[in-house]
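Any read-out appearing in this document is the output of simple, stated calculations on the displayed coordinates, not a laboratory observation. Keep in mind it's a predicted model, so treat the numbers as computed, not measured. Every residue, glycine among them, receives a Cβ derived from its backbone with ideal geometry; neighbour counts consider all protein chains shown.
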Amino acid sequence: MSKTESLLSVRGLTLAFGDHVVQQDLSFDVRRGSIFAVMGPSGCGKSTIMRSMIGLLRPTLGTILFDGADYWTGTDAVRAEMGRRFGVLFQGGALWSALTVGENVALPMQMFTTLDAVSIQRLVAVKLGLVGLSAAVDTMPSALSGGMRKRAGLARALALDPDILFLDEPSAGLDPVTSRRMDDLILNLRDGLGATIIVVSHELASLFAVADDGVFLDAVRKTAIAHGSPATLRDGCADPQVRAFMRREQVEPAHKEAVG
Amino acid sequence: MTAHDEAPARWAMSGAGGPCILRLEGDWLARRGALPGFPKDGLVGCGADVSLQFDIAGLGHWDSGLIAFLWDVKRAAISAGRTVDAAGLPLAATKLLGLLPDQAMAQEAVVVHHIGPLNWLGGQTLATLHEMGMISRLSGSTARAGWQFTRGRGLMRGTDLWANILDAGPQALIIVSIVNFLIGAILAFVGAVELRKFSADIYVANLVGLAVVREMAAVMTAIVMAGRTGGAYAARIATMQGNEEIDALSVIGISSTGYIVLPAVLAMMLMMPLLYLYGSLIGVFGGFVVAISMLNVTAPGYWNETVNALAFSQFGLGVTKSVAFAFLIGVSSCRIGLRAGRSSADVGVAATRAVVAGIVGVIALDAVFAVVAETFGI
Ligand SMILES: Nc1ncnc2c1ncn2[C@@H]1O[C@H](COP(=O)(O)OP(=O)(O)OP(=O)(O)O)[C@@H](O)[C@H]1O
Ligand SMILES: [Mg+2]
């Protein structure tokens, strides 16, 4: 494979809702086959960045490159074509409420593959089995618990065996054992299927367990303030705020002033 | 991952009777449509005391298609009492396989419901009675919430009532005008064709006035409001139901009756009579326009005849009816919204049902009013 090392590059990205700037002048690279963490305090714009990478929010400034191709200057058709390689888990699950869990997972396959009904059923069983929801095939999303909805959303994100997985808070709302299982699943998906995974998360334990690269966003300065894997940020980051976040500590007042 | 020169997915068993080896070849990509299955009894011929081995020398790219196949193999091995030596498989595939449960879900026997016509009728009757009971209870609690509000102990906010009033009143004016104008015009048109034969042109005014004020203005306005506002109430409340907003309200002790149903119903009951009076005026005007342009009638003559034909009691009847229609539409559409399911499709179902229930209910109630008015000689 003679492709560039970074699968996704973000250059000088500014995101805003009207006049309200969420993040500005962001740049980072996501290596092929890595698990990349987008970290930062609540409300700093992690989900918003994810939305702009999956084509739901046009950036105000800057470019997003997939395999060297500019994502946002392409036509809608080109973007849809690229989007078929994405698997997305939304923060709230975003299951289609009128379909059962099994149908949720099956729908992308019915739309975009030539598989017959029996094969689709087998693959649905595999994907639900991977997230531990085999029993819920015929359940309606409204009858699932919050954590189960997350897992069903992940199974749906895996439906088309995506090259790039975007996971918004995959382990929020899960018990420690299930959360651990999610981490294993994420690691094995990367190792086995060669997927590149971008994960938005606060859960420190799972960040340390899975992510091998990442970016830390700040809500006050509205830009990236640190780059690197969660473990290096915890141990060696120059910014006290980042170190404190990664160690679940309070920032000391003196530092806070330096930050503000 | 690359599209060029893909080899088809193939598998082969060798070593029947002794140690079996399962050879996997080619690219196992489910998204390209390659998904061979493994027969349930595929391992029966293998020796029971030796594990199944894998040979993946020819294996190319793979995704969940391979996992699905290996899961079949694993379950076939379990059911045949054989063991599998996964050492030959890619490590990540083994780990993914480890996450899958050993037993596939036993397919639940499909329960066949026998729905005889009698069962169906009984079920429908019970459901209808239950629904009527629920609507009566909701009406009762809405009335009680209204009473509490007048005593200053209610939980309705003025702003909610005001927003509902704006929506049910001024914003409905245009459509109410159009419908009533056309109804008046149509009545005059039909009447004109017949009455002209008897040179009774001027009685078009009586016909239009009575029909509009007694029946059409109230009924048409109510039907418009059932479609426009009743449907919106049901959809809004059903959406809140889906988002657990109603649950959030009831947890902190805000009853959905006082907070949502009462302002909606009250706004409709306040606005509907006004819309009815306005609609009557427009309807009479519609008849007037047609009569003046088609018939041998003067403008003052038409107005005189209209005023003579109408008694105050006709308006009283119309106002009473429109208040009753408003209550019926408001309570039934809120009730339909409150009992809606939690999916997006349920919102659509609730809106449709509210509109249908509103229109049918209004016409049925109007029939009752016609009989009652006849008995009392209004
Ligand atoms: N549709 C929207 N319109 C206007 N502002 C928005 C919209 N969506 C998000 N925002 C704002 O953008 C900012 C970032 O929101 P975002 O959802 O990306 O945060 P987040 O980092 O994902 O937070 P969390 O960790 O709590 O999920 C917030 O200030 C939010 O108010
Ligand atoms: Mg978020």
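Some notes on this structure:
- Ellipsoid semi-axes for region B:316-364, based on the Cα gyration tensor and the rule √(5λ), read 26, 10, 6 Å when sorted largest first.
- Placing pseudo-labels 7 Å out from each Cα toward the beta carbon at B:R157 and A:V220 gives an inter-label distance of 3.3 nm.
- Where both bridge residues fall in the protein assembly as shown, DSSP classifies roughly 50% of the beta bridges as antiparallel.
- Exposed loop positions in chain B were taken to be trypsin sites (Lys or Arg not before Pro) whose DSSP state is not H, G, I, E or B and which have at most 15 other beta-carbon atoms within 10 angstrom. Between these positions, the longest stretch is B:158-378.
- In this simple spin-label approximation, A:D175 and B:E194 carry label points 7 Å from Cα along the Cα→Cβ vector, and these lie 7.6 nm apart.
- Secondary structure note: in chain A, about 50% of the DSSP beta bridges are antiparallel.
- Counting charges near B:D63 (Lys, Arg +1; Asp, Glu -1) among other residues having Cβ under 15 Å from its Cβ returns a value of +3.
- Applying the criteria of a DSSP loop state and at most 15 other Cβ atoms within 10 Å to the trypsin sites (Lys or Arg not before Pro) of region A:167-239 yields A:R221.
- Mean per-residue shielding of peptide A:116-129 is 5, counting Cβ atoms of other chains within 10 Å of each Cβ.
- Note on A:D25 and B:D102: their simple-model spin labels are 6.0 nm apart, each label 7 Å out from Cα toward Cβ.
- Using only side-chain charges placed at the Cβ, +1 for Lys and Arg and -1 for Asp and Glu, the dipole size of chain A relative to its Cα centre rounds to 220 debye.
- Reach of B:K40 by Cα under 13 Å, taken over aspartates and glutamates that are not fewer than 8 positions away in the same chain: B:D72
- Dipole magnitude for chain B: about 940 debye, using +1 per Lys or Arg Cβ and -1 per Asp or Glu Cβ, origin at the Cα centre.
- Positive minus negative residues near A:S34 (Lys, Arg vs Asp, Glu; Cβ under 13 Å): -3
- Normalised contact order of region B:10-99, rounded percent, pairs of Cα under 8 Å and 6 or more residues apart: 32
- Cα-only Debye scattering, the protein assembly as shown: base-10 log of I(q)/I(0) at q = 0.10, 0.12 Å⁻¹: -1.01, -1.19
- Rel. contact order, % - alpha carbon contacts under 8 angstrom, at least six apart, chain A: 24
- Considering region B:10-99, its Cα convex hull presents a mean projected area of 5.2 nm².
- With Cα atoms, 0 to 90° folded angle of helix B:117-150 axis to chain B main axis: 60
- Most positive-pole-ward Cα, A:M50, A:T14, B:T306, against dipole of the protein assembly as shown from beta carbon charges: B:T306
- Each Lys or Arg adds one and each Asp or Glu takes one away; over the other residues whose Cβ falls under 13 Å from the Cβ of B:A367, this sums to -2.
- With 23 Å as the limit, the listed pairs A:K150/B:K95; A:K150/B:K74; A:K46/B:K95 have A:K150/B:K74; A:K46/B:K95 beyond it between alpha carbons.
- Mean sequence separation of contacting Cα pairs (under 8 Å, at least six apart), scaled by the length of chain B, corresponds to a relative contact order of 17 percent.
- Figure legend: label point modelled 7 angstrom from the Cα of B:K40 along Cα→Cβ; residues of region A:111-151 with amide N under 16 Å from it are A:122.
- Positive dipole terminus of region B:137-376, leading residue within B:G258, B:G158, B:G316 (C-beta point charges): B:G258
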